[in-house]
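Down below is the structure, laid out as structure tokens.
Read the figures in this text as sums done on the coordinates, not as results from a lab. Since we're looking at a predicted model, the values are computed, not measured. Every residue, glycine as well, gets a Cβ built from its backbone with ideal geometry; the counts of neighbours run over all protein chains shown.
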Amino acid sequence: MGYRVLAAQSPRQALAMAEGFAGEIHLLLTDVVMPEMNGRELRERLRPLRPAMRCLFMSGYTANVIVHRGVLDEEVSFLPKPFSSLELARKVRETLDRADRPEKRH
């Protein structure tokens, strides 16, 4: 796909990587449901460090279930699991191209 990827094994590791990485991070690709904190909490913790960073959430749960539980908003970028590498590439590109439209903040 041509992207440089920083891979973290946990939300805590993702926070540490974002704090220590000197370059730009354009996109956070995160699962919605994780140990320690959910994807929305991770995004909110990263936002002060990386205010321009876009976010793409993924989950094995349907978008309707996640929105209903209040974990995500309807207008966020979401990719349901399972997905193909082509679907991932399209959704990543779509999310990055939305950079001119600010994400809703809470």
- Item | Summed side-chain charge close to E87 - residues other than E87 whose Cβ falls under 13 Å, Lys, Arg +1, Asp, Glu -1 | +3
- Note on the structure: Quick calc: nm separation of the 7 Å Cα→Cβ label points for K81 and R47 -> 2.5
- S77 long-range amide H proximity, modeled H, under 5 Å: F57
- Alpha carbons only, please: Rg and Dmax for the chain, in angstrom. 13.1, 37
- Query: Considering the dipole of the range 1-68 built from charges on the beta carbon (Lys and Arg +1, Asp and Glu -1) around the Cα centre, which of P51, Q13, T62 is farthest to its positive end?
  - Reply: P51
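How much net charge surrounds E24 when only other residues with a Cβ under 11 Å from its Cβ are counted (Lys, Arg +1; Asp, Glu -1)?
On the way: positive: R4, R50; negative: none.
That sum, taken over residues with Cβ under 11 Å, equals +2.
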